[in-house]
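*Asks:* Sharing a structure below in structure tokens format, with a few things to ask.
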Amino acid sequence: MKNLLGIIGVSAFAAGSAQAVDLEVTHWWVSGGEAAAVAEFAKALNEKTEHTWVDGAIAGSGGVARPIMVSRILGGDPMGAFQFNHGRQAEELIEAGLLLDLTDVAEAEGWMDIVNPPKLLEACTYEGRIYCAPVNIHSTQWLWLSHAAFEQAGIPVPSNWDEFVAAAPALREAGVIPLAMGQQSWQTNLAFGAIAVGLLPREVWAAVNLNKDADVAAGPEYTRVFEAFDNARMLSEGSNVNEWNQATSLVITGKAAGQIHGDWAQGEFQVAEQVAGQDYSCLPGLGFEGVLDTGGDAFYFPVVDDEDVTSAQKELAALLLSPEVQVAFNLKKGSLPIRGDIDMSTANNCMQKGLAILESGNVLPSGDIIFSQDTSNQLNDLMTTFWNDHSMSVEEVQASYAEIIRNAD
């Protein structure tokens with residue numbers, strides 16, 4: 001049996017793999033909910049093919065894991081497959097010819113007809129060729145609320161961000177942290193983005209995020225967003241955790257009332273055996289509007305000079321998008337399936353909200369798609385600086401933000 005690093009799938013490509021291989025798959029899914037979800041991929045590979053999943057989990061966020069993965073590929077020690085967000089994160093690797101072209105898999109499996117929304121397959125496409133297998137749709141515009149926390153404070157569960165802010169004094173008096181927030185830079189930028197989507201008219205959001213209009217970014221509509229972001233950092237005082245799942249745990253245990261975070265937080269609620277609508281609530285668009293961005297995860301496959309490995313990689317790519325695997329994985333991940341043709345009737349009411357929004361078409365591209373990695377890193381750094389430095393004013397952070405938008409690519 002050959003030893004390799006990566007993942008695999010099963011499909012018409014299975015016949016092309018001459019012998020079984022061990023494939024290392026690198027990813028950053030290490031929380032309880034994430035581990036339960038990725039185990040569904042491993043189970044499918046091990047049971048549906050002759051190949052073996054060798055788990056290469058890297059502790060930490062994508063910001064920690066991505067440089068390690070890239071370093072291995074550039075250093076001639078590639079894994080068989082690796083997780084990135086679909087979007088622009090892998091552009092340079094594709095341009096260097098280091099990633100496997102999956103166009104034949106996509107055509108054979110009909111990805112063009114089943115991936116919904118289609119732009120997520122476009123996010124895997126470079127110069128007309130497809131280089132990744134998208135596996136889910138993640139959205140970040142959610143406010144997660146602990147019913148126990150509001151019960152302790154003797155007040156009703158809010159229905160939107162403004163009501164949540166108004167509830168903060170009663171929560172503090174009851175010994176509850178209003179807002180849980182991890183200290184990593186991508187988390188603070190995620191919260192800023194969610195607040196912007198929740199508070200801004202769509203045309204104003206698009207002017208900045210799609211058209212990179214720095215004048216609008218410096219204008220009064222965005223001042224309101226930064227003022228709300230300033231409120232958020234005050235509401236999070238006492239939330240002294242680093243990882244996002246630690247912040248989610250504060251909400252699960254009722255120590256904190258809410259968290260602005262992506263839908264993958266659902267995986268942690270499920271592992272804790274909490275019931276959506278009973279133990280916790282979820283407000284897409286921060287409760288103002290049913291709107292979501294459509295980011296998510298995808299798997300890429302390094303070019304390897306071994307036909308058996310290449311065949312196995314293509315098997316995996318097909319397997320990841322198969323109907324049964326899509327349902328099993330996404331139910332545990334808390335994300336929406338990348339396929340628009342499968343039965344998700346067993347999903348909880350938070351996932352049903354997301355599915356309904358997706359069906360309505362009221363969706364936005366994610367930051368991973370609209371900004372380069374360099375621009376995203378600059379925004380992460382700025383939002384973290386503001387979050388932690390209370391001497392930095394709203395006016396100062398907004399001016400810096402507008403300058404980043406002015407030079408964004």
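*Asks:* Counting only C-alpha contacts under 8 Å and six or more residues apart, can you give the relative contact order of the range 116-218 as a whole percent? Walk me through the intermediate numbers first.
*Replies:* Values: 52 pairs, mean separation 17.8, N = 103.
The value is 17 percent.
*Asks:* Projected onto the charge dipole of the chain (+1 at Lys/Arg Cβ, -1 at Asp/Glu Cβ, origin at the Cα centre), which of Trp28, Gly287, Ala312 gives the Cα projection farthest towards the positive end?
*Replies:* Sorting the options by dipole projection puts first Gly287.
*Asks:* What lysines does Lys43 reach when the alpha-carbon gap must be under 26 Å and sequence neighbours fewer than 8 apart in one chain are set aside?
*Replies:* Straight-line reach from Lys43, under 26 Å: Lys2, Lys314, Lys332, Lys333.
*Asks:* List every residue whose amide H lies under 5 Å from the amide H of Asp297, counting only residues 5 or more places away in sequence or on a different chain, with H placed 1.01 Å from N in the peptide plane.
*Replies:* For Asp297, the qualifying residues are His86, Val135, Asn136, His138.
*Asks:* Using Cα-Cα distances under 8 Å and only pairs 6 or more residues apart, what relative contact order does the range 251-396 have, in percent?
*Replies:* Details: 91 pairs, mean separation 41.1, N = 146.
This gives 28 percent for the range 251-396.
*Asks:* Using r as the Cβ-Cβ distance of Arg406 and Gln19, and R0 as 51 Å, what FRET efficiency do you calculate, to the nearest 0.05?
*Replies:* Values: r = 55 Å, r/R0 = 1.07.
Once the sixth-power term is evaluated, E becomes 0.40.
*Asks:* Using a Förster radius of 25 Å, what is the FRET efficiency between Gln278 and Met344 based on their Cβ-Cβ separation? Nearest 0.05, please.
*Replies:* My answer for the efficiency is 0.80.
*Asks:* Which of the cysteines in the chain are isolated, no other cysteine C-beta under 4.7 Å?
*Replies:* Unpaired cysteines in the chain: none, every one has a partner Cβ under 4.7 Å.
*Asks:* To the nearest Å, what is the center-to-center distance of the range 246-284 and the range 45-104, using C-alpha atoms only?
*Replies:* 30
*Asks:* Leaving out ligands and nucleic acids, note down the accessible area per residue over the range 105-211 with a 1.4 angstrom probe, in whole Å².
*Replies:* On the way: 3880 Å² over 107 residues.
With all protein chains present, the range 105-211 gives 36 Å² per residue.
*Asks:* Follow-up question, since we're still on this one. From the residues His138, Ala408, Leu210, which one has its Cα farthest along the dipole of the chain in the positive direction, the dipole being from +1 and -1 charges on Cβ of Lys/Arg and Asp/Glu about the Cα centre?
*Replies:* Going by the charge dipole, the pick is His138.
*Asks:* Where Lys and Arg each count +1 and Asp and Glu each count -1, what net charge lies around Gly290 among other residues with Cβ under 14 Å from its Cβ? Can you show the working numbers first?
*Replies:* Details: positive: Arg202, Lys353; negative: Asp263, Glu289, Asp293, Glu359.
Result for the neighbourhood of Gly290: -2.
*Asks:* Using Cα atoms only, what is the angle between the long axis of helix 323-333 and the major principal axis of the chain, expressed in degrees (0 to 90) to the nearest 10?
*Replies:* Roughly 30 degrees, rounded to the nearest 10.
*Asks:* For the chain, calculate the relative contact order in percent as a whole number, restricting contacts to Cα pairs under 8 Å that are 6 or more residues apart.
*Replies:* Values: 813 pairs, mean separation 113.3, N = 409.
Result for the chain is 28 percent.
*Asks:* Let me ask something else about it. Leaving out ligands, DNA and RNA but keeping every protein chain, what accessible area does Thr52 have, in Å² rounded to the nearest 10, with a 1.4 Å probe?
*Replies:* Result for Thr52: roughly 50 Å² accessible.
*Asks:* Give the angle, between 0 and 90 degrees and rounded to the nearest 10, that separates the Cα long axis of helix 32-48 from the longest principal axis of the Cα atoms of the chain.
*Replies:* Helix 32-48 sits roughly 20 degrees off the main axis of the chain.
*Asks:* Under unit Cβ charges (Lys, Arg +1; Asp, Glu -1), what dipole magnitude, rounded to 20 debye, does the range 24-162 have relative to its Cα centre?
*Replies:* On the way: 7 positive and 19 negative charges, 70 e Å.
For this selection, approximately 340 debye.
*Asks:* A further question follows. Working out 0.36 nm times the residue gap between Glu127 and His390, then minus their Cα-Cα distance, what length gain in nm do you get to one decimal?
*Replies:* Values: separation 263, 0.36 × 263 = 94.68 nm, distance 4.50 nm.
Computed gain between Glu127 and His390 is 90.2 nm.
*Asks:* Now, a different point. Relative to the Cα centre, what is the charge dipole magnitude of the chain, using +1 at the beta carbon of each Lys and Arg, -1 at the beta carbon of each Asp and Glu, and rounding to the nearest 20 debye? Walk me through the numbers before you get to the answer.
*Replies:* On the way: 20 positive and 54 negative charges, 141 e Å.
In debye, rounded to 20, the chain gives about 680.
*Asks:* Okay, moving on. Which one, Val165, Trp53, Leu355, projects farthest toward the positive side of the charge dipole computed for the chain from Cβ point charges (K/R +1, D/E -1)?
*Replies:* Val165
*Asks:* So for the chain: antiparallel DSSP bridges make up what percent, rounded to the nearest 5? Each step should come with its number before you reach the end.
*Replies:* On the way: 22 of 39 bridges.
Antiparallel bridges: around 55 percent, rounded to the nearest 5.
*Asks:* How large, in Å, is the range 262-375 by the Kirkwood hydrodynamic radius built from its alpha-carbon pairs? Mind showing how you got there, number by number?
*Replies:* Details: mean 1/r = 0.0620 Å⁻¹.
Result for the range 262-375, one decimal place: 16.1 Å.
*Asks:* Another question, if that's okay. Of Lys353, Lys314, Lys119, which has the most accessible area and how do the rest follow, probe 1.4 Å?
*Replies:* The most accessible residue leads, giving Lys353, Lys119, Lys314.
*Asks:* Another one. With the Cα gyration tensor of the chain in hand, convert its eigenvalues to equivalent ellipsoid semi-axes via √(5λ) and list them largest first in whole Å.
*Replies:* Details: eigenvalues 266, 112, 70 Å².
In descending order, the three semi-axes are 36, 24, 19 Å.
*Asks:* Ordering His390, His138 by accessible area with a probe of 1.4 Å, largest first, what comes out?
*Replies:* Details: His390 85, His138 15 Å².
If we order His390, His138 from most to least accessible, we get His390, His138.
*Asks:* Using only Cα atoms and rounding to the nearest 10 degrees, what angle (0 to 90) does helix 220-235 make with the longest principal axis of the chain?
*Replies:* For helix 220-235, the angle is close to 90 degrees.
*Asks:* Another question about this same structure. Would you list Ser360, Ser366 from the most to the least accessible area, probe 1.4 Å? Mind dumping the intermediate values first?
*Replies:* Details: Ser360 80, Ser366 5 Å².
Reading off the accessible areas and sorting them downward yields Ser360, Ser366.
*Asks:* May I ask you to work out the translational diffusion coefficient for the range 34-154 at 20 °C, viscosity 1.002 mPa s, via Stokes-Einstein with Rh from the Kirkwood sum over Cα pairs, reported in whole µm²/s? Intermediate values should be presented prior to the final figure.
*Replies:* On the way: Rh = 17.1 Å.
Answer from the Stokes-Einstein relation: 125 µm²/s.
*Asks:* Right, another one. Assigning unit charges at the beta carbon (Lys, Arg +1; Asp, Glu -1) and nothing else, what dipole magnitude in debye, to the nearest 20, does the range 334-403 show about its Cα centre?
*Replies:* Details: 2 positive and 10 negative charges, 79 e Å.
Roughly 380 debye, rounded to the nearest 20.
*Asks:* In addition: Along the range 146-161, what does the Karplus equation 6.51 cos²θ - 1.76 cosθ + 1.60 (θ = phi - 60°) give for ³J(HN,Hα), rounded to whole Hz, x for Gly and Pro?
*Replies:* Per-residue couplings from phi come out as 8, 5, 5, 5, 6, 5, 4, 7, x, 10, x, 5, x, 10, 7, 4 Hz.
*Asks:* Calculate the length of the line joining the C-alpha centroid of the range 118-142 to that of the range 338-409, in whole Å.
*Replies:* 15
The values are calculated or read from the model by the stated rules, or taken from the named source; none is laboratory data. Everything quoted here is computed from the prediction, not taken from an experiment. All Cβ positions, glycine included, derive from the backbone under ideal geometry; neighbour counts span all protein chains shown. All accessible areas refer to the heavy atoms of the entire protein, side chains included, with ligands and DNA or RNA removed. Shrake-Rupley method; radii C 1.70, N 1.55, O 1.52, S 1.80 Å.
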